[in-house]
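The values are calculated or read from the model by the stated rules, or taken from the named source; none is laboratory data. Everything numeric in this text was worked out from a predicted model, so none of it was measured. Glycine gets a Cβ as well: all are built from the backbone with ideal geometry, and neighbour counts include every protein chain shown. Keep in mind that these areas ignore ligands, DNA and RNA; they rest on the heavy atoms of the full protein, side chains included. Shrake-Rupley method; radii C 1.70, N 1.55, O 1.52, S 1.80 Å.
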Amino acid sequence: MVSKTEETQLSNLETQVDNGGGGAWEYLCLVRKLKVRRSDRVLKHGLSILNDLKKRSSLGPDEWTLYEQVAVAAMDCQSLEVAKDCIKVLRKKFPESKRVGRLEGMLLEAKGAWAEAEKAYSSLLEDNPLDQVIHKRRVAMAKGQGNVSVAIEWLNKYLEIFMADHDAWRELAEIYVSLQMYKQAAFCYEELILSQPMVPLYHLAYADVLYTLGGLENLQNAKKYYASTIDLTGGKNTRALFGVCLCSSAIGQIAKGRNKDDKESPELQSLAATALEREYKQKASDKLSLLTAALKGLKVSS
């Protein structure tokens, strides 16, 4: 996650380099450090250094890091000949490198040579079954071909080995949601909440899935996770506030004529409605009447 300070630093340096004020190498280093995608600028400013013998020589060992960075950026920009030339230089310097082998596989992907890329990745995994980058490339390749079922298969196999990879769990959850496989998505979000209980995004996404699944128990749990999202964000999450109101309304409809234990206390939904009205008054007063009508339709009042 890039902080505001880092984002400002990157933006200032980007403007400086784009306007010919120097600092191209510092900019490229910062892009790598922050792991952000600025492929067009990396390609442009990276090549300006690599094509200048004096500048390139001054980098020392970092020259090879720049070749790799430019190769990846060139593939992003479909400048495949540039990528090929960079990889060729790296292969000559490091003839046995598995890292260069990954780049060669990525170049095959960029060319659309899926079968050849898969063969290259399989070969690399035989040598090192724990290569996370290669496992992720296979997932990306399956998604690139629109083969979602294979992407799910690779992600599940990957998570059997690297169970602590939060990004992979989230990616798998989002794929399941896109396929309306909500029970599977719920399992993924449960894993994320167990490993990172203080991240409100996971509580919110899990609540959304439970609400979509429906049924009294799921709705009650969804309401709890919307409430925990509100707690973790200091009451600032509008989506979670709406979620509490929606769940309360749905639970009220289902629980009609049931035991008192199944019925909901109106306190939480009243607090959520009040918070929503306050938020709309401050930030979107022209839409306050729409909010009031919506809450009235849900039979929720502040």
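Odds and ends about this structure:
- Within segment 282-302, tally of residues that are in a helix (DSSP H, G or I) and among the hydrophobic types (A, V, I, L, M, F, W, C): 6
- Segment 147-182, residues that are open to solvent by 20 Å² or more (accessible area, probe 1.4 Å) and among the small types (G, A, S): S149, A164, S178
- Flag for E7 being loosely packed, with under 11 Cβ neighbours inside 10 Å and within 30 Å of G144 (Cα to Cα): no
One line per residue, one yes/no per condition, for (1) out of contact with any helix residue (DSSP H, G or I) (no Cβ under 7 Å at 6 or more places or on another chain); (2) under 30 Å from P266 (Cβ atoms):
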site: W169; (1), (2): no, no
site: V177; (1), (2): no, no
site: Q180; (1), (2): yes, no
site: F187; (1), (2): yes, no
site: L192; (1), (2): no, no
site: L201; (1), (2): yes, yes
site: V209; (1), (2): no, yes
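- Taken over segment 251-273, the criterion of being at pLDDT 65 or above and assigned to a helix (DSSP H, G or I) is satisfied by I251, G252, Q253, I254, P266, E267, L268, Q269, S270, L271, A272, A273.
- Residue within segment 121-137 that is small (G, A, S), surrounded by 14 or more Cβ atoms within 10 Å (Cβ to Cβ) and in contact with a helix residue (DSSP H, G or I) (Cβ under 9 Å, 6 or more places away or on another chain) present: no
- The requirement of being modelled with pLDDT under 85, within 22 Å of D208 (Cβ to Cβ) and either open to solvent by less than 50 Å² (accessible area, probe 1.4 Å) or assigned to a loop (DSSP other than H, G, I, E, B) (or both) is not satisfied by E279.
- Test: residue in segment 204-220 that is open to solvent by 70 Å² or more (accessible area, probe 1.4 Å), closer than 29 Å to Y121 by Cβ and at pLDDT 95 or above: no
- Residue check: L47 meets all listed conditions (1) farther than 26 Å from R102 by Cβ; (2) modelled with pLDDT of 95 or more but one, namely (1).
- Residue count, segment 273-294 (criterion: hydroxyl-bearing (S, T, Y) and in contact (Cβ under 8 Å) with a residue 24 or more places away in the chain): 1
- Options A173, A151, A110, A164: the member that is among the aliphatic types (A, V, I, L, M), part of a helix (DSSP H, G or I), in contact (Cβ under 8 Å) with a residue 24 or more places away in the chain and more than 28 Å from A71 (Cβ to Cβ): A173
- Beta carbons closer than 7 Å, at least 6 apart along the sequence or on distinct chains, pair a first residue in segment 84-104 that is within 18 Å of K119 (Cβ to Cβ) and assigned to a helix (DSSP H, G or I) with a second that is open to solvent by 30 Å² or more (accessible area, probe 1.4 Å) and of a type in the set (S, T, N, Q) for K98/N128.
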